[in-house]
Amino acid sequence: MLAEAGIPVHDTSLVTVGGGIGSFVLVDYLRIAGAPTSAIRVLSNIDHPWQTYRYLTRVSQIPDHERIRSDSGSTPDNIWAFPSYAVREAFAARSLRGFLAPLWQVATEPVLSDYFTPRIGAVFESMAREADRISYREMLVSGQVRMVRRRAGGGYLTIITPPKGHAPTRRVAFRSQHVHLGVGYPGLKFLPDLQEYRSRYGDVRRVVNAYEPHEHVYDELIRRPATVVVHGAGIVASRILDRLITDRDRHQAGTHIVHLFRTYVRGSHGPSVFMRRRGGDGWAYQGFNYPKSVWGGQLKARMRTLEGDERKALYDTIGGTNTPRRRRWQAQLARGRHEGWYVTRVGEVERLAPGTDGTVVTRVRTADGMLEIPAAYVIDATGLVADIREHRVLADLLDHSGAGHNPLGRLDVERTFEVRGTRSGPGRLYASGAATLGGYFPGVDTFLGLQIAAQEICDDLASQGFVPHLGVARSVSQWARWMRNQPV
Amino acid sequence: MVPTLAGRLQTRLFLLATVGVVLTVLVTPLLPVDAPLGTAYRASFGVLFAVALLGLGWELAYHGLQQFRWEKDWPTMFGLLTALNEGLLVWLAVRADAVPGAAGLAGSAFVIHFGVVWVGVWLCANGPMRVPFLRWRFHGGRLL
């Protein structure tokens, strides 16, 4: 049928759709386990696995020299996490202090020090090295994936639109036994009241999302003192506040910050003495986006056994918006409160409307009545994620291939990360990353989570003979090759 | 680390039986002991056995304490600091003649041997262990 329609068909064993860090770490695992490059195709609209991640982190205020949230052992370039980023930073240092500082931090975290977190630039460099080592580019096929469908004879067909001028036809098909989806966020969603303001008044300068380019806000705040309203209580809100305050300190910006909380956390909170999370000044504090043991310990083991409502209840307990309690941020905000240029407000936003002098007025329903906050800028740092239906490949899977929703409304996957209901003969369809949040493993949307998913998928594929089982001997010999930067 | 109870017990026994044994073999001839090497080895391995056996009880206690932590984690430095309470208990057992082969063991020899084994095991658990055992850290420290 495809041949009749003039669509060329290529054969391979496994296709991974997305080409971001989720695809990259899976391909890394499979190559290390013994898969040849000819068995894998990465279908992607980006040239480097870290491209989208870099874009999002840059606009949300993490330039290359800054540190990210993930820990020393979350190493997307190294499946063993040894040497970890802290150890590598120590051995790359040129002074004794530079050598000892990361080792001291990682050895004493999170008790005497904040968690060690790597510089984002170091993470990109390490991934570039690993991409070369596993010949990632040989497997990369550029284009926009349109859909993944089951084939009558088993396996899957993935339809991709190559970039203009790169192929003689508008569509190309890949026929493979297995498919992996690492498509990232289905899409970002604005707070409804902010979206309404932008649509109604056509103003995308004064009301911005933290995940879109908004440097003009900082530029103008340095030029003239003004008020800015920040929505959100997660890591991105922390970053935005850090940038605003750093600009105050370095460039003498006269910014007045109004931080809007919908839920204000006053202190430690949780259902029992065994499940109490730290909090205060509005924030819920946590090193990473879930309690650390979801990536390997008690909470990982527990969630793996839960179904339906029980699973959702545990997600509710350990989830919610939170940010790390970093000493630098604590000091910044304490200073802001003391000097009066950082204030918090608690309530539900009712609507936004243009004010006088080019301001935008946020009307907030608080416990004490309606409050109007005029500001030069409003920054939405809530990081709402859109429904998985917003992604066309996922929507097509839900409509035509038997995929369903998990208890949190995202893509339902097995413990092996196989998308439930989509098996096609001997072929299997897997998914990892943010689209699968709500499954048996909560930490999906992180470097380490992507690696855990990749390991599960690799092991499942090994059980079907796609690659040899990655056992002790191969693991050690491949690690030695990694250390010497030799091809797999 | 983010151990489960089963992971704690398995990791402790495995690392003491491998890294602990190797380090004990290497360090014992260098210990300040006025006794034939055979006697010194009997004392060292007695201590190693006591660390493993008493440690199973300690792991239960640590697991209980871990329940009060929101993250259900066990920070790296706890793994080092617990040398103090564990070392003290094993030493008291040595002094009470409860450790086979270790009667009359000098304090300095005990401190050196115990310290070397403890630091060696701690270092291995925080890095090299992941190289042969890829799934170990995602399974709460379980090997089986």
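Each reported figure results from applying straightforward, stated rules to the coordinates on display, with no laboratory input. Predicted, not measured: the structure shown is a model, and the values here were computed from it. Heads up, the Cβs are rebuilt from the backbone with ideal geometry, glycines too, and the neighbour counts pull from every protein chain shown.
What the table below lists for this structure:
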| item | result |
| --- | --- |
| Of the DSSP H helices in chain A, those whose Cα atoms cover at least 15 Å axially and whose Kyte score averages -0.5 or more | A:21-33, A:96-108, A:120-133, A:235-251, A:447-463, A:472-483 |
| Cα centroid separation, region A:260-295 to region A:300-334 (Å) | 7 |
| Positive-pole candidate from B:100, A:90, B:61, dipole of the protein assembly as shown, charges at beta carbon | A:90 |
| C-alpha center-to-center spacing [region A:151-198, region A:392-469] in angstrom | 16 |
| Percent antiparallel among DSSP beta bridges (both partners in the protein assembly as shown, rounded to 5) | 50 |
| Where Rh is the Kirkwood radius over Cα pairs, Rg/Rh for region A:427-488 | 1.05 |
| Range in chain A, longest, excluding exposed GluC sites (Glu not before Pro) [loop by DSSP; at most 16 other beta-carbon atoms within 10 Å] | A:67-306 |
| Partner chain coverage, peptide A:83-95 - average Cβ within 10 angstrom | 1 |
| Gyration tensor (alpha-carbon) shape descriptor, region A:234-385, a/c threshold 1.5 | prolate |
| Selection from A:469, A:482, A:435 lying farthest towards where the dipole of region A:397-488 points positive, charges on Cβ | A:482 |
| Cβ-based net charge around residue A:320, under 14 Å, with every Lys or Arg adding one and every Asp or Glu removing one | +4 |
| Rounded to 10°, Cα long-axis angle of helix B:76-95 versus longest principal axis of chain B | 30 |
| DSSP-defined antiparallel bridges as percent of all bridges, region A:107-264, nearest 5 | 70 |
| Check: chain A dipole with +1 on Lys, Arg Cβ and -1 on Asp, Glu Cβ, in debye | 500 |
| About the Cα centre, charge dipole magnitude for region A:1-98 (Lys/Arg +1, Asp/Glu -1 at Cβ), debye | 460 |
| Theoretical ellipticity at 222 nm over the protein assembly as shown - DSSP helices of four or more residues, -39500 (n - 2.57) apiece, nearest 500 | -12500 deg cm²/dmol |
| Share of alpha-carbon pairs per 10 Å distance bin for region A:277-332, given as whole % | 21, 46, 24, 8, 1 |
| Residue (of A:213, A:232, A:201) at the positive-pole extreme of region A:195-234, dipole from beta-carbon charges | A:201 |
| Cβ-based net charge around residue A:433, under 12 Å, with every Lys or Arg adding one and every Asp or Glu removing one | 0 |
| Average beta carbon contacts from partner chains per residue of A:285-298, 10 Å cutoff | 6 |
| Set of lysines near residue A:300 by C-alpha distance (under 27 Å), chain-local residues within fewer than 8 positions excluded | A:292, A:312, B:72 |
| Region A:68-170, dipole about Cα centre (Lys/Arg Cβ +1, Asp/Glu Cβ -1), debye to the nearest 20 | 740 |
| Cα gyration tensor shape of the protein assembly as shown, rounded if a/c is under 1.5, else prolate or oblate by comparing a/b with b/c | oblate |
| Gap separating the Cα centres of region A:348-373 and region A:1-53, nearest whole Å | 48 |
| Relative contact order of chain A, defined on C-alpha pairs under 8 angstrom at six or more residues apart (%) | 20 |
